[in-house]
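First the structure, in the form of structure tokens, and then the observations on it.
Coordinate-derived values only; no laboratory data. All of these numbers come straight from a predicted model, not from anything done at the bench. With ideal geometry, Cβ positions are generated from the backbone for all residues, glycine too; neighbour counts draw on all protein chains shown.
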Number of protein chains: 2
Amino acid sequence: MKIAVDAMGGDFAPQAVIEGVLQARSEFKDLDFILYGDEAQIKPLLPDMAQLSIVHTTEKIAGDDEPVRAIRRKKQASMVLAAQAVKAGEADALFSLGNTGALLAAGLFIIGRVKGIDRPGLMPTLPSINSEDGFNMLDVGANAEAKPEHLHQYGLMGNFYAQDVRGIANPRIALLNNGTEASKGDELHKAAHQLLADDPDLNFIGNIEANDLLKGLADVVVTDGFTGNATLKAIEGTATIVMSQVKHAIMDAGVKEKIGGLLLKGSVGQIKTKFDTSIYGGAVLLGLKAPVIKAHGAADAQTVYYTVKQIHTMLANQTVQKVIDYFDQKKVSDETK
Amino acid sequence: MKIAVDAMGGDFAPQAVIEGVLQARSEFKDLDFILYGDEAQIKPLLPDMAQLSIVHTTEKIAGDDEPVRAIRRKKQASMVLAAQAVKAGEADALFSLGNTGALLAAGLFIIGRVKGIDRPGLMPTLPSINSEDGFNMLDVGANAEAKPEHLHQYGLMGNFYAQDVRGIANPRIALLNNGTEASKGDELHKAAHQLLADDPDLNFIGNIEANDLLKGLADVVVTDGFTGNATLKAIEGTATIVMSQVKHAIMDAGVKEKIGGLLLKGSVGQIKTKFDTSIYGGAVLLGLKAPVIKAHGAADAQTVYYTVKQIHTMLANQTVQKVIDYFDQKKVSDETK
């Protein structure tokens, strides 16, 4: 199994990327890596070339590049070449820490959609307070203009992922909505609710409200990309701000508070660990013909390692192939109805 | 100036409602209150009847009543009678701690919309970390199915409110969107961005992302009711969960952490104060012909007092009349174009 790695994406590229890949390499002997990027920068970071190869390029897509244009014009960019390798069958998965929009465009226009999936969805794993497992949410922003069928497809794809990668036998699928009753929501979410509820292949548990997300009531939360994006950012922004307020309450106050802070350091530090989702890997662009995974730009070597581990699990379980087969059979069954 | 008070709404009714009204009564001598509810329960709570009158009724709308049906069938409910009084000109504003959906229905079907406003918006005041002022956000759920013009109207109404009630000369109006660039968003938000940007009456500062909301970058944040509802709930849910994790880190750990917690008690307690928005009053249903204000069901007497203060400011400034006049003139100007 071979992963095409965009070695030049992210804030600490290529160092963090290479370091994480090397850590994963020694654990996963069945993985090979093609590293796309500047050989002059990459080579000195490699002790040897076991399981590794380099495809040299100096072109790269910047964080503020317009995604579709960047993919079309920067034909020698590390991300584009890595996607081409997946398209050509030379690699089985694409991994990047770079521009999310460009990665989506590379996935769509180079690797291509799964037949039967109208829109890929971007799916991170988020933390929940009542378990170690966290939950998946999709779409968080790949597609701002959603239709009910898209949300139904997100539920089906998230279901395969939660089974394969997270080992949940019968994942609880929920729909993010503005109330728990089935009648709640705008037309989009009412129709999506119906499609999800009517699907015998899904363990659909109904609507979930945004204030309950972190409680771990569902394994996969389905949402449209616009609402999902705002909700994800609201959670991240609020958690960051509240924790920084706690820090200020300790550091900017008197001696008494500073001593209190020292006594609490380990204990409060565990909260940060609890909300740290890097062990789950990166966000998956589900609905493409191969695993395409995005780790955040500020990811360190440890996060890169976990993301490779995540990709390894997806490849070993053939998660994407299951999605492809499922929608193939679904199409046949729909046609013979 | 007279406020119709639904004395039976909320978890601690009528005690908390009456106590808060009495506190406000002694400060605002120019206010009269009509208390709608069970006289047998209300009367014993009143030391005298100065500035007060009671309209007796025993019917009330429950928290889980279907809003429109409740308003139509429970014609003697305290909320319905209070709305009727505003409609009849016997009172100038409606105040309730009860069922939000029913209050919206009462506002729409009994009090009526401002001409030129298609959909009322529900607008709370939320906290921001960099100022005492907080910010307003609307719509957070009155209308799940929004059009660009609705969002434009929310901006205009929020602008009047921020000027009148919060004393901000030139409120910064922003649009909640999935990116800061003007080109971002789905069709709804792209079109709304254009309408807001083109309006010379607004100090529109562009898009804001959900992770920046609590930073106080805008005075009024415009959003559709579906996204606004999810975002508000995500903020509330995350803040609650993170703070409870901090509490657990202190209380469930060892002696060391408990001492640390004691030393930090006052300082960490201030965070709760910082995020306490009750001093801003309740959420306003903007777009109705009179101020209709909803305080949350769990509100205490202090919050009721602050909400009366807020209504007093709206009445003294004739905020709703300004909205009515503005949209009247706008209509004339649009017609003569």
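Each residue of the range B:106-121 was assigned a 3J(HN,Hα) from its phi angle through the Karplus curve 6.51 cos²θ - 1.76 cosθ + 1.60 (θ = phi - 60°); the sequence is 4, x, 5, 8, 9, 7, x, 7, 5, 4, x, 9, 7, 9, x, x Hz, with glycine and proline shown as x.
Distances between placed amide hydrogens fall under 5 Å for residue B:3 paired with B:32, B:33, B:34, B:92, all partners being 5 or more residues away or on another chain.
Each copy carries a label point for residue B:197 at 7 Å from Cα toward Cβ; from one copy, the others' points are 4.0 nm away, ordered from shortest.
The label point for residue B:255 and the one for residue B:130, both projected 7 Å from the Cα toward the Cβ, are 4.6 nm apart. Antiparallel beta bridges, as assigned by DSSP with both residues in chain B, represent about 20 percent of the total such bridges. Dipole check for the protein assembly as shown: with +1 at the C-beta of Lys and Arg, -1 at the C-beta of Asp and Glu, and the Cα centre as origin, the magnitude is about 380 Debye. May I ask for the net charge around residue A:186, where only other residues with Cβ less than 13 Å from the Cβ of residue A:186 are counted and Lys, Arg are +1 while Asp, Glu are -1? Counting the neighbours of residue A:186, the net charge comes to -1.
What separates the residue B:279 label point from its copies, with the point 7 Å along Cα to Cβ, is 4.1 nm, written shortest first.
Only the Cβ atoms of Lys and Arg (+1) and of Asp and Glu (-1) were treated as charged; on that basis the dipole of chain A about its Cα centre amounts to roughly 360 debye. Label-point distances for residue B:254 to the equivalent site in the other copies, using a point 7 angstrom along Cα→C-beta, read 2.8 nm when ranked shortest first.
By its C-alpha gyration tensor, with a ≥ b ≥ c as the square roots of the eigenvalues, how is the protein assembly as shown shaped: rounded for a/c under 1.5, else prolate for a/b larger than b/c, else oblate? Prolate shape, in that a/c is at least 1.5 and a/b is the bigger ratio. Projecting label points 7 angstrom from Cα along Cα→Cβ for residue B:322 and residue B:53 puts them 3.0 nm apart.
Per residue of B:255-262, other chain Cβ atoms within 10 Å of the residue Cβ number 5 on average. Only bridges with both residues in the protein assembly as shown count here: give the DSSP antiparallel percent, nearest 5. DSSP beta bridges in the protein assembly as shown are roughly 20 percent antiparallel. Close amide-amide hydrogen proximity is noted between residue B:178 and B:185, each under 5 Å apart and 5 or more residues distant or on a separate chain (H modeled in the peptide plane; Pro and chain starts excluded).
Taking amide H as placed 1.01 Å from N in the peptide plane, residue A:61 has its amide H under 5 Å from the amide H of A:78, A:79, each at least 5 places away in sequence or on another chain. So, in Å, what gap is there between the alpha-carbon centers of the range B:77-114 and the range A:193-243? Taking the Cα centre of the range A:193-243 as reference, the centre of the range B:77-114 is 33 Å away. Couplings 3J(HN,Hα) of the range A:18-26, computed from phi: 5, 4, x, 5, 5, 4, 5, 4, 6 Hz, in residue order, whole Hz [Karplus 6.51 cos²θ - 1.76 cosθ + 1.60, θ = phi - 60°; x for Gly and Pro]. Number of Lys-Lys pairs in the range B:10-154 with C-alpha atoms under 20 Å apart and a separation of 8 or more places or on different chains: 8. Legend: mean number of C-beta atoms from other chains within 10 angstrom of residue C-beta atoms, peptide A:245-252, equals 5. Averaged over the residues of B:168-177, the number of partner chain Cβ atoms lying within 10 Å of the residue Cβ comes to 1. Taking a ≥ b ≥ c as the square roots of the eigenvalues of the Cα gyration tensor, chain B is oblate, since a/c reaches 1.5 or more and a/b is not larger than b/c. Excluding same-chain neighbours fewer than eight residues apart, the aspartates and glutamates reachable from residue B:190 by a Cα-Cα span under 12 Å are A:145, B:149, B:181. Could you list the residues of the range A:28-53 with an amide nitrogen less than 20 Å from a label point located 7 Å from the Cα of residue A:15 in the Cα-to-C-beta direction? Backbone N within reach: A:36-48.
Note down the relative contact order for the range B:104-153 as a percent, whole number, built from C-alpha pairs under 8 angstrom at least six residues apart. The value is 32 percent. Mean projection of the Cα convex hull over all viewing directions, computed for the range A:125-276: 10.0 nm².
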